[in-house]
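Report on the following structure.
The values are calculated or read from the model by the stated rules, or taken from the named source; none is laboratory data. Computed from a prediction, not measured in an experiment: that's the story for all the values here. Cβ: placed from backbone, ideal geometry, glycine included. Neighbour counts: every protein chain shown. For accessibility, only protein heavy atoms count, side chains too; no ligands or nucleic acids. Shrake-Rupley method; radii C 1.70, N 1.55, O 1.52, S 1.80 Å.
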There are 2 protein chains.
Amino acid sequence: MPDPTPAPLARLEAQTRLLLGPGPSVMEPSVLSALALPTIGHLDPAFLSVMDEVRAMLSCLIGATDGMVTPISGTGSAGMEAAVVNLIEPGDRAVIGVAGVFGGRMAEVARRAGAEVVTVEVEFGQRLEVEALRAAVAGKPTKLIGLVHAETSTGMLQPLEGLSDLAAETDSLLLVDAVTSLAGHPIDVGASGIDALYSGTQKCLSCPPGLAPLYLSERALAVLRGRKFPVQSWYLDLGLIESYWGAERAYHHTAPINMLYALHEALRLVHAEGLEARYERHARTARAAVAGLSELGLMPKVPAERRLNPLTSVAIPEGVDDAAVRGRLLHEWGIEIGGGLGPWKGAAWRIGLMGAGSRRANVESLTAALANALGRQDRAGAALSAIEAAYA
Amino acid sequence: MPDPTPAPLARLEAQTRLLLGPGPSVMEPSVLSALALPTIGHLDPAFLSVMDEVRAMLSCLIGATDGMVTPISGTGSAGMEAAVVNLIEPGDRAVIGVAGVFGGRMAEVARRAGAEVVTVEVEFGQRLEVEALRAAVAGKPTKLIGLVHAETSTGMLQPLEGLSDLAAETDSLLLVDAVTSLAGHPIDVGASGIDALYSGTQKCLSCPPGLAPLYLSERALAVLRGRKFPVQSWYLDLGLIESYWGAERAYHHTAPINMLYALHEALRLVHAEGLEARYERHARTARAAVAGLSELGLMPKVPAERRLNPLTSVAIPEGVDDAAVRGRLLHEWGIEIGGGLGPWKGAAWRIGLMGAGSRRANVESLTAALANALGRQDRAGAALSAIEAAYA
């Protein structure tokens, strides 16, 4: 417990970091400017129109033409929990694919919601196969099939093909974690037959952490309306939340006003750039990063065909001190990258080139800093040439 | 569902409002400046020290010398839910005092956590008596006695005397909602024997909405550690949250970095002013507001001896159109006040003079605007004189 009589503290100083870890990510200045706009009331007509515009831009981003789209007032994990607790009732069966930390988290959240959880597990970096999920459903009534589109702990991109057929055949709902893919990889909830999807603001949306965009399809909403028991969370009850975000405008909880300003600006920038251009930018930057880092001996942990663009995991070479190198990057160059999680702790670095951070100058800065920190200055020229070639 | 192809949207414009409703409240410019400081990583050493300072300043504010103090990553209602779901296990008995909307919300949250809830209800504006709560405990094993210190729906201040004795006698935990009192009325969790307390940032702390300061006593932490079942919410699991906020620094969820910057600055301003001076300022401003508004025929709904300082409810006079007057205040004067909730809908206005908003100039602005909007210009001089007298 801290001393209860703290000495007078100074105002916070700005810290400058180049955020190339698994999030939060680099932001455009206009997002921080929007964040600091004067707070107004959560029932002010001017704020209600901000909400409507956020909703419209989010819907467009994920291809939602039906259902419900709402930012949850919490970080990405609150979005995960909101999706799960609204759809699961005690005793429901859920099949959850676990290919990393965040799949494991989804399974745990479902257990705590009272689900009978069957996990389908693959090794870190591997992807889940539809047939394995089908085998886990095993013809038994299953409420939910959940998995992670972009596994932030590994940098693996999970294909979504075939999953909606599986959900339809088995009368299950398809839940997808898009925390690290939203606005960095294409997502189309309609075309993919997704029933529930959540994300976070601090990844490819390049917005501060604190909100979790969430989508439920009409089919998922029907399940929600037909529940036998109340949703275990009052704060995350989407029926109550919709009564505020929808036409009724009934007070539920006080919306995080300023965070929604920032999300509005972040989404505006996404649409101003254009979705195709944004996805292509992420792809080119990721290719360039892998090209450059490989020249330094930092090899990707995930093969190209299932590799995320916004987040690349590389193996830490033999004999390199994980914490020492990340510490030097942070303190000497002001660059943050992420360490490994779970079985990859000490074995991998996670490099995020997300949203506004996904650009050539950042790849080059990181490559130069890593060449120094690893004592591989002799490879710096080759690495920069490889980056240039990737952009040619 | 909105049109999935929104036209290009403009950047948000700043809206200027004088926030004199039940929250969000008027903010100091330095809080918004802190909010917009560059985002850094949630495991960055510079951020960990922000967390430590926030914790120390919050502990000092509530008089906590033991237990756990943490801002929950959600609004005040998330703080309520965090307190309840960490302490309640399915089948536990809880006695909840209901003297307004927020007491009712606490009862509903406890029911959803699986509690057998016994409510003690009094009319809007009334306060709860210790003997009535004792009668509801009725000698039965009771896990939790919960009530609201500052009922935001009515403007009633609940005395806390005698409650810790009741909790000790009955081996219950004492849970207190301090959403609208924290930093506006004195709170001392040690002296009051409070086991769990939560608040919100958008009231007397004068910070944007989005965080919920929360306290658990050592006794409450022992109950948490001794649970038979996991906490139903993974996101709000205080054991996991403490592993990030405490010495371990283990990643749980990505903290809302920028909101914590803002809370740091808001707390810094609280302590720079001094707690006694701040409470006295709120008391003087509330007295002046009641004096002035009474001259306009706007009589307080709650008698002086149990009236909150940060929030005053006044009766809407006969024949006055609630929505029309609030609409004119907002659109012509840029002033927000709150409408009534529950049985007081259409019958009361809620006037918040909270944190940075609790000052004479705001009382006078509101009084002048209301004199105009109510057609009581003839009483404006008397009202301003009454305000002056209250400050003499």
Problem set entry | Inter-part distance where the stretch A:198-236 and the stretch B:162-219 are each reduced to a Cα centre, Å | 29 Å
Exercise. Tell me, what is the percent relative contact order of chain A, built from C-alpha pairs under 8 Å that lie six or more residues apart?
Worked result: 23 percent
Problem set entry | Fraction of antiparallel bridges per DSSP, the protein assembly as shown only, in percent to nearest 5 | 50 percent
Exercise. What residues does the stretch B:216-239 have that are buried by at least 50 Å² of accessible area in the full protein assembly compared to the chain on its own, 1.4 angstrom probe?
Worked result: B:Q232, B:W234, B:Y235
Problem set entry | Eligible lysines near A:K301 by straight Cα distance, threshold 24 Å, same-chain separation 8 or greater | A:K203, A:K345
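Give me the accessible area buried between chains B and A, both sides summed, with a 1.4 Å probe, in Å² rounded to the nearest 100. Provide the component values of the computation, followed by the final result.
Values: alone 16380 and 16390 Å², together 26090 Å².
Approximately 6700 Å², summed over both chains.
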For this session: Could you work out how far the C-alpha centroid of the stretch A:48-91 sits from that of the stretch B:111-139, in angstrom?
Result: 35 Å
Exercise. How large, in Å, is the stretch B:217-319 by the Kirkwood hydrodynamic radius built from its alpha-carbon pairs?
Worked result: 18.3 Å
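What do you get for Rg/Rh over the stretch A:88-128 if you use C-alpha atoms and the Kirkwood form of Rh?
Values: Rg = 10.3 Å, Rh = 10.1 Å.
Reported Rg/Rh (Cα atoms, Kirkwood Rh): 1.01.
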For this session: Indicate, rounded to the nearest 5 percent, the antiparallel portion of the DSSP beta bridges found entirely in the stretch A:74-165.
Result: 20 percent
For this session: Taking a label point 7 Å out from Cα toward Cβ, give me the nm distances from A:P29 to the same spot in the other copies, shortest first, one decimal.
Result: 1.8
Exercise. In a Debye calculation with equal point scatterers on the alpha-carbon sites of the stretch A:161-267 and no solvent, what is log10 I(q)/I(0) at q = 0.19 Å⁻¹?
Worked result: -1.15
For this session: Just the number, please: carbon plus sulfur as a percent of the accessible area of the stretch A:101-256, 1.4 Å probe, no ligands or DNA/RNA counted.
Result: 53 percent
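Does the stretch A:350-392 come out rounded, prolate or oblate by the C-alpha gyration tensor, with a ≥ b ≥ c the root eigenvalues, rounded set by a/c under 1.5 and, if not, prolate when a/b is larger than b/c and oblate if not?
On the way: a/c = 2.87, a/b = 1.32, b/c = 2.17.
Oblate is the answer for the stretch A:350-392, as a/c is 1.5 or above yet b/c matches or exceeds a/b.
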Exercise. When the Kirkwood hydrodynamic radius is evaluated over all pairs of different C-alpha atoms of chain B, what value in angstrom, to one decimal, is obtained?
Worked result: 21.8 Å
Problem set entry | Charge sum, other residues only, whose C-beta stays under 15 Å from B:D322's C-beta, Lys/Arg counted +1 and Asp/Glu -1 | +2
Seminar exercise, completed: Shortest first and in nm, the label-point separations between B:D188 and its counterparts in the other identical copies (7 Å out along Cα→Cβ) come to 6.6
Exercise. In nm, one decimal, shortest first: how far is the label point of B:N372 (7 Å from Cα along Cα to beta carbon) from the matching points in the other copies?
Worked result: 6.0
Exercise. How big is the charge dipole of the protein assembly as shown about its Cα centre, in debye rounded to the nearest 20, if each Lys and Arg gets +1 on its Cβ and each Asp and Glu gets -1 on its Cβ?
Worked result: 260 debye
Exercise. With the other protein chains left in place, how much accessible area per residue, in square angstrom, belongs to chain B at a 1.4 angstrom probe?
Worked result: 33 Å²
Exercise. D for the stretch A:320-380, whole µm²/s, Stokes-Einstein with Kirkwood Rh over alpha-carbon pairs at 4 °C and 1.567 mPa s: what number?
Worked result: 106 µm²/s
Exercise. Smallest Cβ-to-axis distance in chain B, for the rotation taking B to A: which residue, how many Å?
Worked result: B:A36, 2
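For chain B, give me the percentage of DSSP beta bridges that are antiparallel, rounded to the nearest 5 percent. Don't skip to the end; give the middle numbers.
Values: 19 of 39 bridges.
Rounded to the nearest five, the antiparallel share is 50 percent.
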Exercise. Tell me, what HN-Hα J-couplings in whole Hz come from the Karplus equation 6.51 cos²θ - 1.76 cosθ + 1.60 at θ = phi - 60° for each residue of the stretch A:164-170, using x for Gly and Pro?
Worked result: 6, 5, 4, 5, 5, 4, 9
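Would you list the membrane-span-like helices of chain A, meaning whole DSSP H runs whose alpha-carbon atoms span at least 30 Å along their axis and whose mean Kyte-Doolittle value is at least -1.0? Write down the numbers at each step before the final one.
On the way: long enough: A:275-295 (31 Å, -0.59).
Helices passing the filter in chain A: A:275-295.
Given axes a ≥ b ≥ c from the Cα gyration tensor, I'd like to know whether the stretch A:1-115 is rounded (a/c under 1.5), prolate (a/b larger than b/c) or oblate. Write down the numbers at each step before the final one.
Details: a/c = 1.82, a/b = 1.28, b/c = 1.43.
Verdict is oblate for the stretch A:1-115.
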Exercise. For the stretch A:261-392, what relative contact order do you get, as a whole percent, if you take Cα pairs closer than 8 Å and at least 6 residues apart?
Worked result: 32 percent
Problem set entry | chain A, dipole about Cα centre (Lys/Arg Cβ +1, Asp/Glu Cβ -1), debye to the nearest 20 | 400 debye
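Could you tell me whether the protein assembly as shown comes out rounded, prolate or oblate from its Cα gyration tensor? Rule is a ≥ b ≥ c as square roots of the eigenvalues, rounded for a/c under 1.5, then prolate if a/b exceeds b/c, otherwise oblate.
On the way: a/c = 1.73, a/b = 1.55, b/c = 1.12.
Taking the square roots of the gyration eigenvalues as a ≥ b ≥ c, the protein assembly as shown is prolate.
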For this session: Could you calculate, for the stretch A:50-134, the ratio of the Cα radius of gyration to the Kirkwood radius, expressed as Rg to Rh?
Result: 1.04
For this session: Report Rg/Rh for the stretch B:268-344, rounded to two decimals, where Rg is the Cα radius of gyration and Rh the Kirkwood radius.
Result: 1.03
